[in-house]
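Heads up, the thing below is written out as C-alpha cells.
All of the numbers you see were taken from the coordinates with simple rules; none came from a lab. Small disclaimer: the values here were computed from a predicted structure and weren't measured. Cβ sites come from the backbone with ideal geometry, for glycine too, and all protein chains shown count toward neighbours.
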C-alpha cells in the first residue's frame, strides 16, 4: 500500500512488503468500499475505506493508526473520556476554533507556556482574577500605552520605582515625599507642619530664604515695614531670624536701612 499524503502531511507509512495469498483478504463493493485484512507475517494490517469519498481508517503493523476524514467529523461521547499521549502532540486548525467548558477547567503545565497572538487578545473574568509568580512579572508595551482602569483603588504593597514622569490629579502620602531634584507647584504649597530649607539637622542649622515679595512669621514679634513687605523688628524679631537662618535678602529699597539688596546690616 502506498503512503497517503494530505496537504503535504504523510498520514501513513509504506508497508514493509506486499501481502501474499492466502494471508491477504480484500472485500470490495460495487461503489468501491474496501475492507482489507492482511495476515502476512511481518505485514499485518487492517484498512477500511469509503469507496467514493476516500475517507479511511488504517491500522499499521507496528500498532499505529491513521484516520483521514475527507468531509466533516462529529464525535459524541455520552460518558467520560480520557486521552493519554505519552509522546508529542501537534494540533493544526486551519479555520476557527471554539472550546466551551460548562464546568470547571484545570490546566497544569510542568514546563514552559508560550502563546503567540498575531491579532488582538481579550480575557474576561466575571469573578476575581489572581496572578501569582514566584519571580518577576514583566508587562511590556512595545509601541502603545499600558492602561489600568478601575472603579475603586489600585493598591500597591511594595515600593514603586518610576523611570519617567508621573502625572496625577491628586497625590497623598502618609510618609515622606523625597526628591533628588526640584519640586514645582504652579498654584502653591499648603502644609499643616513646617518647611525646612536646606539640610535640617538636630542642631537647628537651616539654609537661606529668598523672597521676591514678603516673608510673614507670626511667631516673630515687632513690625518694621519695608518696601518689600518684610515684617521684622530689628531689636525683637531679627535676632530670632538670624538664629534660625543664615541670612535674608531685600529685593527692593528698605526705607529703614537705606540699602537695596544684599544682606541686612548687623542688628
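Observations, loosely collected:
- Were the residues from residue 23 through residue 173 laid out at 0.36 nm apart, the gain over their Cα-Cα distance would be 45.2 nm.
- Protection proxy ranking for 102-115, 29-42, using the average of other Cβ atoms within 10 Å per residue and placing the highest first: 29-42, 102-115.
- With both labels modelled 7 Å from their Cα along Cα-to-Cβ, the residue 154 to residue 37 distance reads 7.1 nm.
- For a label point 7 Å along the Cα-to-beta-carbon line of residue 110, residues of the range 64-96 with backbone N under 14 Å: 85-88
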